[in-house]
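Asker: Shown below is the structure under consideration.
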Amino acid sequence: MDIYYNIDQLAKSIHDETTALRQDFHMYPEIGWFEMRTSAVIARYLTGLGYEVLTGRQVCDAASRMGAPDADSLAAHYERICDQNTPLEYVTEDMKEGFTGVIGILRCGEGPVVALRFDIDALPMTENARCDHRPFREGFASRNPGWMHACGHDSHIAMGLGTAWVLMQIRGELHGTIKLIFQPAEEGARGAKSIAAAGHLDDVDYFAATHIAPDHSIDDGDITPGTYGSLATTKLDVEFHGLAAHAGGYPEKGLDALQAAAHAAVALAGIPRHSGGMSRINVGTLYAGSGRNVIPDHAVMQLEVRGETTEINTYMTERARDICESAARMTGCTCEIRTVGEAPSQISDLAFVERIRDMIELHFPQYKVSTTYNSKNWGSEDIGFLMERVQAHGGQAVYMRTMTTMPSAQHTTAFDLDEKALDKGISVFAGIVYDVMKKGTC
């Protein structure tokens with residue numbers, strides 16, 4: 001029997017299981033660095049299959065994590081997951097401290113090292129509670145108020161676990177090592193850098209990942225085997241510190257942190273754009289003040305910059321930092337600037353993209369490859385850190401798109417997807433691994 005046909009049949013045979021997994025993760029979403037229950041469920045599943053499993057500080061380099069939550073918030077969330085059918089025996093002390101994420105390793109003798117990445121975090125959004133929203137109607141909408149899987153990472157996890165099961169079924173046909181990376185904190189571009197810094201990609205020859213995408217988008221197939229050009233980005237939190245005073249009685253004694261932040265917000269919008277490509281700047285939040293008659297002594301601004309290339313993003317970041325520091329000095333205030341997320345631009349290796357395209361067209365003809373098989377990406381994605389780490393030592397990396405029906409756009413409160421996408425995602429991932437790791441290939 002053709003092994004690719006067998007892979008596809010195996011993927012379809014566990015459709016009910018992978019759908020149940022996806023819906024379970026959707027029901028209990030966790031945002032970046034809070035993915036305790038998610039990581040525990042993944043670890044239990046991989047352990048049950050026989051994978052070598054890494055968790056906690058084994059996954060992420062502590063010094064490279066960005067935007068980590070405070071201890072009280074983590075402790076409160078742990079108390080919550082204790083009542084959410086969590087396999088608590090797999091919740092390590094590291095996970096309780098925000099060191100989430102899981103890596104499953106399957107060693108199949110001598111051969112290439114292949115890594116697959118699946119992001120696992122949700123978004124800080126409140127899910128739609130209308131009867132026309134399928135997750136609500138069928139009872140698997142978010143049970144964590146203010147958090148929601150609105151980008152499809154729940155489906156990515158289910159694809160990853162389904163792929164892990166299929167690969168175990170064909171283990172005797174594989175030669176080399178497989179690393180399944182379940183990455184925390186992709187949203188806000190906070191998690192991948194710490195996985196790269198931990199060295200997990202340093203021996204990887206081939207790296208692949210995917211993101212679900214709407215089937216009515218620019219992609220005209222079931223699978224787009226390569227993408228390039230996601231915007232590099234830097235996320236900054238800026239705290240302005242001034243001096244409080246009575247606004248009517250002694251205004252000259254105050255140093256207005258809100259005024260400093262407001263000057264910065266206006267000036268940031270005026271950063272000259274770069275001739276080398278697209279650039280973006282956005283001040284998303286600004287919090288300051290305690291009352292109309294008090295000169296504010298504290299202001300907090302959250303902003304981001306993006307660039308078509310890593311170099312353009314660096315230009316935008318440096319100008320943004322200069323403006324914030326100058327606005328503080330101009331008003332007699334001070335400011336602290338923290339980088340809470342970042343990602344470089346990414347590019348897929350064309351030779352690997354074409355290899356995947358050829359493999360799908362030859363062995364999975366039921367899945368159409370998009371006409372533009374290496375497509376321009378949108379937004380930003382910290383997967384660039386993982387891809388760069390592989391490419392730096394001569395490895396090849398691709399970032400794919402898997403199309404599915406979506407009743408509402410990603411990052412909206414009514415987001416959902418057609419779980420048929422899980423089957424083709426699993427088939428393609430397992431097919432890639434077999435194509436690279438079958439006997440006589442490298």
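The values are calculated or read from the model by the stated rules, or taken from the named source; none is laboratory data. Quantities reported herein were computed from a predicted structural model and do not represent experimental measurements. Methodologically, a virtual Cβ is constructed for each residue, glycine included, from the backbone with ideal geometry; neighbour enumeration extends over all protein chains shown. Protein only, heavy atoms only, side chains kept; ligands, DNA and RNA dropped before computing areas. Shrake-Rupley method; radii C 1.70, N 1.55, O 1.52, S 1.80 Å.
Asker: On the protein heavy atoms, probe 1.4 angstrom, tell me the percent of accessible surface of the stretch 296-406 carried by carbon and sulfur.
Answerer: Result for the stretch 296-406: 50 percent of the exposed heavy-atom area is carbon or sulfur.
Asker: With contacts defined as alpha carbon pairs under 8 Å and 6 or more residues apart, what's the relative contact order of the chain in percent?
Answerer: Computed over the chain, the figure is 22 percent.
Asker: Whole number in Å², please: accessible area per residue of the stretch 307-442, 1.4 Å probe, ligands, DNA and RNA not counted.
Answerer: Result: 41 Å² per residue.
Asker: Explain nothing, just compute: Karplus ³J(HN,Hα) = 6.51 cos²θ - 1.76 cosθ + 1.60, θ = phi - 60°, for every residue of the stretch 340-349 in order, whole Hz, x for Gly and Pro.
Answerer: Computed from phi, the couplings for the stretch 340-349 are 10, x, 6, 7, x, 5, 10, 9, 7, 6 Hz.
Asker: Skipping prolines and chain starts, which residues have an amide H placed within reach, meaning under 5 Å, of the one on Asn377, given they are 5 or more residues away or on another chain?
Answerer: Excluding prolines and chain starts, which carry no amide H, the hits are Tyr228, Gly229, Ser230.
Asker: Let me ask you something else. List the lysines whose alpha-carbon lies under 19 Å from that of Lys376, not counting same-chain residues fewer than 8 positions away?
Answerer: Qualifying lysines at Cα under 19 Å: Lys368.
Asker: Also: Quick one: among Ala421, Ala264, Ala122, which has the greatest mean-square fluctuation in a GNM of the chain with alpha-carbon springs under 10 angstrom?
Answerer: Its mean-square fluctuation being the largest, the pick is Ala264.
Asker: Label the stretch 15-68 by shape, choosing from rounded, prolate and oblate, from the square roots a ≥ b ≥ c of the eigenvalues of the Cα gyration tensor; if a/c is under 1.5 it is rounded, and otherwise prolate applies when a/b is larger than b/c, oblate when it is not.
Answerer: Taking the square roots of the gyration eigenvalues as a ≥ b ≥ c, the stretch 15-68 is oblate.
Asker: Along the stretch 120-134, what does the Karplus equation 6.51 cos²θ - 1.76 cosθ + 1.60 (θ = phi - 60°) give for ³J(HN,Hα), rounded to whole Hz, x for Gly and Pro?
Answerer: Coupling constants for the stretch 120-134: 10, 8, 9, 10, x, 9, 9, 6, 4, 10, 9, 5, 7, 9, 3 Hz.
Asker: Now a separate question. With 28 Å as the limit, write out which pairs from Lys235/Lys424; Lys179/Lys424; Lys96/Lys424 have Cα-Cα distances beyond it, or answer none.
Answerer: As for pairs spanning more than 28 Å Cα to Cα, those are Lys235/Lys424; Lys96/Lys424.
Asker: Let me ask you something else. Cross-link candidates for Lys253: which aspartates and glutamates have Cα within less than 17 Å, leaving aside residues fewer than 8 places away along the same chain?
Answerer: The reachable aspartates and glutamates, counting only those whose Cα sits under 17 Å from Lys253, are Asp297.
Asker: Under 5 Å between amide hydrogens, which residues at least 5 positions from Leu123 or on another chain qualify, with H placed 1.01 Å from N in the peptide plane?
Answerer: For Leu123, whose amide H was placed from the backbone, the distant partners under 5 Å are Met148, His149, Ala150.
Asker: Right, next: Which residue, Asp222, Asp72, Asp121, has the most motion in a Gaussian network model of the chain that connects Cα atoms within less than 10 Å?
Answerer: Its mean-square fluctuation being the largest, the pick is Asp72.
Asker: Ranked from the most accessible area to the least, with a 1.4 Å probe and all protein chains present, what is the order of Lys420, Lys253, Lys12?
Answerer: Most to least solvent-accessible, the answer reads Lys420, Lys253, Lys12.
Asker: Okay, next question. For the stretch 103-246, what is the accessible area per residue in Å² when the probe is 1.4 Å?
Answerer: It amounts to 29 Å² per residue over the stretch 103-246.
Asker: Does the stretch 1-103 classify as rounded, prolate or oblate by the C-alpha gyration tensor (a ≥ b ≥ c root eigenvalues; a/c under 1.5 gives rounded; else a/b over b/c gives prolate, otherwise oblate)?
Answerer: It is prolate, given that a/c is not under 1.5 and a/b is the larger ratio.
Asker: So who's got an amide H within less than 5 Å of the one on Ile212, skipping anything under 5 residues away but keeping other chains? H placed 1.01 Å off N, in plane.
Answerer: Those lying under 5 Å, H to H, from Ile212 are Thr402.
Asker: Using C-alpha positions alone, give me the convex hull volume of the stretch 63-163 per residue in cubic angstrom.
Answerer: Here the figure is 160 Å³ per residue.
Asker: Of all DSSP beta bridges in the chain, what percent run antiparallel (nearest 5)?
Answerer: That works out to approximately 65 percent antiparallel.
Asker: Still on this structure: Ignoring any ligand, DNA or RNA, what whole percent of the accessible area of the stretch 34-85 comes from carbon and sulfur when the probe is 1.4 angstrom?
Answerer: Carbon and sulfur together cover 46 percent of it.
Asker: Can you list which of the chymotrypsin sites (Phe, Trp or Tyr not before Pro) found in the stretch 345-442 are DSSP loop residues with at most 16 other C-beta atoms within 10 Å?
Answerer: Hits after loop and neighbour filter: Trp378.
Asker: In the stretch 194-288, what percent of the accessible surface is made up of carbon and sulfur (1.4 Å probe, ligands and nucleic acids excluded)?
Answerer: 55 percent
Asker: Now, a different point. Could you tally the net charge around His393, taking each other residue with its Cβ under 10 Å from the Cβ of His393, Lys/Arg +1 and Asp/Glu -1?
Answerer: Residues near His393 contribute -2 overall.
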